[in-house]
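The block underneath contains the structure these notes are about, expressed in structure tokens.
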Amino acid sequence: MPGTERNDGRELTYRVVAMPADTNAFGDIFGGWLMSQVDIAGSILALREAEGRVATVAVKEFRFLAPVAVGDLISCYAEVQRRGQSSITVHVIAEACRQLEAHRVCMVADATLVYVALNEDGRPRHLPASS
Ligand SMILES: CC(C)(COP(=O)(O)OP(=O)(O)OC[C@H]1O[C@@H](n2cnc3c(N)ncnc32)[C@H](O)[C@@H]1OP(=O)(O)O)[C@@H](O)C(=O)NCCC(=O)NCCS
């Protein structure tokens, strides 16, 4: 199984195994499922950065680089790319580890998502000062 750190500053924020229920009618893993996992992975970093509620406002880019198979362990590594007044842009890469064999790892997706910090009314709020 791959480790939890990469040497490029990205942080492992989320791991999940692709299951048969995540397949489309042809038995392949559905692209929308992977998008959802990447969104969750990015939001975990955004939530921490915003110190509270966030919503995804945009997916600026999403590239599917290789297919995902049932049983693959998906590891998502995220990094804050930009902090605005209320928005946080997060770059996420997703890797698949085939049958939990550490040497069989390949990058399956690369995405940039924008999250907005929200107040109790669901409106944008200023981000807290970065530590
Ligand atoms: C998020 C939301 C509250 C923002 O409201 P809004 O009136 O568009 O807010 P603003 O125009 O003030 O933009 C807020 C921030 O988002 C950024 N933003 C808005 N749309 C964007 C886009 N398409 N791409 C990149 N950034 C965007 C703005 O640049 C701004 O950033 P900043 O404060 O750092 O400068 C509103 O769009 C919303 O509720 N969207 C639905 C979110 C959601 O439900 N997501 C899950 C889908 S299931």
With angles folded into 0 to 90 degrees, how steeply does helix 31-50 sit against the dominant principal axis of the chain? Use alpha carbons for both and round to 10. 40
Amide H contacts of Y14 (H built 1.01 Å from N, under 5 Å, at least 5 apart or other chain): C76
Fewest Cβ neighbours within 10 Å first, please rank T23, T13 accordingly. T23, T13
Pairwise Cα inverse-distance average, inverted: Kirkwood Rh of the chain (Å): 15.2
Students often get this wrong: which residues of the range 7-51 have the backbone nitrogen under 13 Å from the point 7 angstrom along Cα-to-C-beta of M107? 7-10
Extreme residue, positive dipole direction of the range 1-115, given options A55, A109, C97 (C-beta unit charges): A55
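Bear in mind that the values in this text are calculations on the coordinates, not laboratory data. Note that this is a predicted model, so its numbers are computed, not measured. Reconstructed Cβ throughout: ideal geometry from the backbone, glycine too, with neighbour counts over all protein chains shown.
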